[in-house]
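The values are calculated or read from the model by the stated rules, or taken from the named source; none is laboratory data. Please read these numbers as outputs of a predicted model, since none were measured by experiment. With ideal geometry, Cβ positions are generated from the backbone for all residues, glycine too; neighbour counts draw on all protein chains shown.
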Amino acid sequence: MKHLAIILLLLASLTNTRAQHYRNFRSSIYCRAYEVKLMADTANYLKPIWNEITRQMKVDKIYLETHRDLLIVDQSTLDIAKKFFRDRGVTVAGGITLTINERNRFQTFCYSSPEDRKKVKELSEYTAKNFDEFILDDFFFTNCKDDGAIKDKGNRSWTQYRLDLMAEAAQTLIINPAKAVNPKVKVVVKYPNWYEHFQGLGFNLEKEPKLFDGIYTGTETRDAVLFAQHLQPYLGYNIFRYFENIAPGRNGGGWVDPGGMTTADRYAEQLWITLFAKAPEQTLFDFRQLSRPIYPSDRAPWQGMKTSFDYDEMMQPVNYNGGAASRPTTIAAIAGYTFEKVDSLLGFLGKPKGIKSYRPFHSTGEDFLQNYLGMVGLPMDMQPQFPAEDSLILLTEEARFDPGIVDKIKKQLLTGRTVVITSGLLKAIQDKGFNDMAELRYTDRKALVQDFTASGSFRLIHTDKPILIPQMQYLTNDSWEIASGISGASGWPLLHEADYSKGHLYILTIPDNFSDLYHLPAEVLNKIREVMCRQLNVQLEGPSQISLYVYDNNTCIIESFLDKEIEVKLLTSRQFSHITDLGNGQAYQGEPRKPGLSYIEKNLQEKYIFPIVIKPHSFRVFRLE
């Protein structure tokens with residue numbers, strides 16, 4: 001009997017660590033405490049829902065939440081749920097959401113309160129007792145401003161107080177108690193999508209990733225217009241790469257929900273963008289929402305054009321559990337279809353690379369700007385440390401939080417490198433020694449521009465939408481306009497260059513409304529891309545809302561967020577005269593383009609040009625050859 005018990009334990013262990021279903025990532029589902037508490041009823045609740053979800057998608061892992069909104073799942077229910085999933089070969093982990101009332105503006109615990117601190121410690125211990133891994137959902141922050149917190153804060157700013165408090169709470173209330181109960185437990189903190197404002201609520205990106213066993217990334221962007229956060233789709237890629245740069249190799253995955261899903265395509269886009277960032281795991285929030293029915297309105301107007309997410313193809317009968325196939329019924333099918341489609345391509349891709357942009361810890365300024373730049377075809381690679389070794393870097397206003405930033409810019413230029421700074425950063429540092437490099441000024445004046453010029457094109461380019469920009473002032477022939485915004489008989493720089501020593505300094509003027517970047521004419525965007533993508537072996541030409549993802553093994557992805565079919569041009573450096581579409585095997589021969597005669601172009605190398613047609617809300621994967 002003793003030997004039989006050991007064999008059964010070994011079999012259970014092997015079953016619980018089975019190989020993942022997809023070649024390039026794991027597929028996971030998060031279950032809220034509200035749903036976990038119902039799982040004791042396996043026959044009428046858990047089994048039917050699980051069978052329907054897994055008929056439509058493959059699942060490697062499940063996260064079972066123990067607490068949310070003061071609801072704690074009892075031990076007997078947890079035992080039933082854990083056994084149910086392990087019996088089906090699914091890896092099981094835990095989860096905690098540290099809210100008192102999520103519906104009351106995400107009311108969190110007060111970590112200055114002895115009672116609340118005791119409760120958080122108990123929840124960590126309880127969860128560690130049940131699982132060898134657990135994750136903290138979005139809410140390990142504090143928005144508490146009760147009398148106790150006000151007193152505890154003292155003379156510190158709310159930001160500094162909360163940063164100190166939550167780093168201490170992570171160690172004292174979460175990690176240490178969990179490991180005291182279960183020494184082998186892995187404790188992971190999941191960070192949400194609003195990274196620019198973390199420090200104000202106590203999320204400490206500088207200290208916490210070193211304390212926790214792992215981190216996780218909220219890559220959900222939902223709908224940029226209708227949803228209150230107004231996050232751009234590119235954020236799902238950019239935020240994962242940023243967190244990976246903060247904790248290399250310990251960023252466990254990306255996390256997406258179907259909230260604010262206007263069409264099925266928007267949900268699918270969030271999933272594949274996360275995977276383009278090379279997330280090793282994709283978690284779907286949540287068990288309940290995956291059971292939401294598919295409605296006719298989920299079929300987007302541009303469907304029927306053989307787009308990357310093909311609604312009609314997705315609705316073909318399927319059953320990943322075996323047995324009789326039938327038409328999909330819930331949005332789990334969207335995930336299943338997307339995962340199958342993308343997994344076949346991810347293995348071709350190397351490590352993501354891009355334009356390195358420095359974001360010091362706890363900084364703000366031109367919030368989320370890199371995501372707008374990603375939406376106009378500039379591959380972003382945000383860094384928590386100054387990327388001094390790169391030949392070209394981008395600095396936005398948030399770089400002002402580094403007190404040595406002016407000296408670092410100067411050093412880059414003295415060593416022959418290129419620095420692109422935004423108008424917001426110029427405003428912040430122009431009176432802090434910057435003028436020693438270039439006598440440029442961000443003025444208090446604005447200009448409403450609707451016409452544009454770009455170096456090498458001696459004509460006006462008109463747009464339908466006027467754009468409000470700050471006016472930059474410079475000394476003629478000390479620095480030069482590369483692209484300009486025009487109103488009447490006057491014009492102002494959009495992209496400006498100033499030489500210093502052996503280096504090149506560029507100022508990129510950012511419109512007051514960041515989304516007006518999307519209304520810049522293609523000729524202006526092309527000039528910006530030409531400068532900023534100089535150290536990459538590939539760049540785009542064409543309109544905005546087309547993103548480019550670049551990898552270190554000479555592969556790339558072009559993705560369109562437009563509602564119509566569009567043609568763009570892919571430009572490669574001269575060693576690549578051919579490209580192959582890895583989705584369909586189609587090969588293309590490039591057309592050589594010699595550099596122009598303008599000031600900005602005369603020192604450039606020959607490139608190869610490839611016209612590429614992109615379907616609405618679709619992507620194409622290419623290998624450069």
*Only residues in the range 54-65 that are more than 17 Å from GLY323 (Cβ to Cβ) and assigned by TED's automatic domain parsing to the domain that holds GLY336 count as the first member; pair them with residues that are of a type in the set (Asp, Glu) and in a loop (DSSP other than H, G, I, E, B), Cβ under 8 angstrom, at least 6 apart or cross-chain, and list the lot.*
GLU65/ASP137
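Residues checked against (1) among the charged types (D, E, K, R); (2) on the phi > 0 side of the Ramachandran plot:
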position	(1), (2)
VAL524	no, no
LEU548	no, no
TYR551	no, no
ASN554	no, yes
ILE557	no, no
LYS569	yes, no
PRO592	no, no
LEU604	no, no
PRO616	no, no
_Residues to consider are ILE80, ILE72, ILE62; find the one that is surrounded by 24 or more Cβ atoms within 10 Å (Cβ to Cβ), out of contact with any Pro (no Cβ under 7 Å at 6 or more places or on another chain) and of a type in the set (Val, Ile, Thr)._
ILE62
*Scan the range 168-216 residue by residue and report those that are closer than 19 Å to LYS118 by Cβ and of a type in the set (A, V, I, L, M).*
ALA169, ALA170, LEU173, ILE174, ILE175, ALA178, ALA180, VAL181, VAL187
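Which residue, of GLY236, GLY202, GLY254, is more than 12 Å from the chain's Cα centre (by Cα), surrounded by 24 or more Cβ atoms within 10 Å (Cβ to Cβ) and among the small types (Gly, Ala, Ser)? Don't jump to the end; show me each part of the working.
Details: GLY236 fails: more than 12 Å from the chain's Cα centre (by Cα); GLY254 fails: more than 12 Å from the chain's Cα centre (by Cα).
Just a single option satisfies the conditions, and that option is GLY202.
I need the full set of residues from the range 303-322 which are of a type outside the set (S, T, N, Q) and over 25 Å from the mean Cα position of the chain (by Cα), in order please. Give the steps one after another, and end with the answer.
Filtering the range 303-322 down to residues of a type outside the set (S, T, N, Q) leaves 304-306, 309-315, 317-318, 320, 322.
GLY304, MET305, LYS306, ASP312, GLU313, MET314, MET315, PRO317, VAL318, TYR320, GLY322 - these are the residues of the range 303-322 that are of a type outside the set (S, T, N, Q) and over 25 Å from the mean Cα position of the chain (by Cα).
On the basis of being in contact with a helix residue (DSSP H, G or I) (Cβ under 7 Å, 6 or more places away or on another chain) and not assigned by TED's automatic domain parsing to the domain that holds ALA388, does LEU571 make the cut? Walk me through it before giving the result.
Working: in contact with a helix residue (DSSP H, G or I) (Cβ under 7 Å, 6 or more places away or on another chain): no; not assigned by TED's automatic domain parsing to the domain that holds ALA388: yes.
Against the criterion (in contact with a helix residue (DSSP H, G or I) (Cβ under 7 Å, 6 or more places away or on another chain) and not assigned by TED's automatic domain parsing to the domain that holds ALA388), LEU571 does not qualify.
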_Failed item in (1) assigned to a loop (DSSP other than H, G, I, E, B); (2) in contact with a Pro (Cβ under 8 Å, 6 or more places away or on another chain), with GLN535 passing the rest_ = (2)
*Considering the range 281-335 alone, what residues qualify as being at pLDDT 95 or above and on the phi > 0 side of the Ramachandran plot?*
GLY304, LYS306
_Just to check your reading of the model, which residue among LEU570, LEU540, LEU525, LEU505 is over 22 Å from ILE273 (Cβ atoms) and crowded, with 21+ Cβ neighbours inside 10 Å?_
LEU505
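Conditions tested, residue by residue: (1) buried (at least 21 other Cβ atoms within 10 Å of the Cβ); (2) within 30 Å of ILE409 (Cβ to Cβ); (3) in contact with a strand residue (DSSP E or B) (Cβ under 7 Å, 6 or more places away or on another chain).
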{"site": "LEU290", "(1), (2), (3)": "yes, no, yes"}
{"site": "TRP302", "(1), (2), (3)": "no, no, no"}
{"site": "THR307", "(1), (2), (3)": "yes, no, no"}
{"site": "ASP310", "(1), (2), (3)": "no, no, no"}
{"site": "MET315", "(1), (2), (3)": "no, no, no"}
{"site": "SER326", "(1), (2), (3)": "no, no, no"}
{"site": "ALA332", "(1), (2), (3)": "yes, no, no"}
{"site": "ASP343", "(1), (2), (3)": "no, no, no"}
{"site": "SER357", "(1), (2), (3)": "yes, yes, yes"}
_If I filter the range 35-53 down to residues being over 23 Å from PHE134 (Cβ atoms) and polar (S, T, N, Q), which single residue comes out as surrounded by the most Cβ atoms within 10 Å (Cβ to Cβ)?_
ASN51
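Report whether or not PHE227 is out of contact with any His (no Cβ under 6 Å at 6 or more places or on another chain), free of Cβ contacts under 8 Å to residues at least 60 places away in the same chain and under 22 Å from THR283 (Cα atoms). Outline the logic, then answer.
On the way: out of contact with any His (no Cβ under 6 Å at 6 or more places or on another chain): yes; free of Cβ contacts under 8 Å to residues at least 60 places away in the same chain: yes; under 22 Å from THR283 (Cα atoms): yes.
When the stated conditions are applied, PHE227 passes them.
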*asked:* Considering only residues that are surrounded by 17 or more Cβ atoms within 10 Å (Cβ to Cβ) and of a type in the set (Val, Ile, Thr), which ones fall in the range 431-460?
replied: VAL449, THR453
*Residue by residue through the range 573-596, note down the ones that are within 25 Å of the chain's Cα centre (by Cα), buried (at least 17 other Cβ atoms within 10 Å of the Cβ) and assigned to a strand (DSSP E or B).*
none
*Which residues, taken from the range 84-98, are of a type in the set (S, T, N, Q) and surrounded by fewer than 21 Cβ atoms within 10 Å (Cβ to Cβ)?*
THR91
_In the range 544-561, the residues that are buried (at least 21 other Cβ atoms within 10 Å of the Cβ) and of a type in the set (Val, Ile, Thr)_ = ILE546, VAL550, ILE557, ILE558
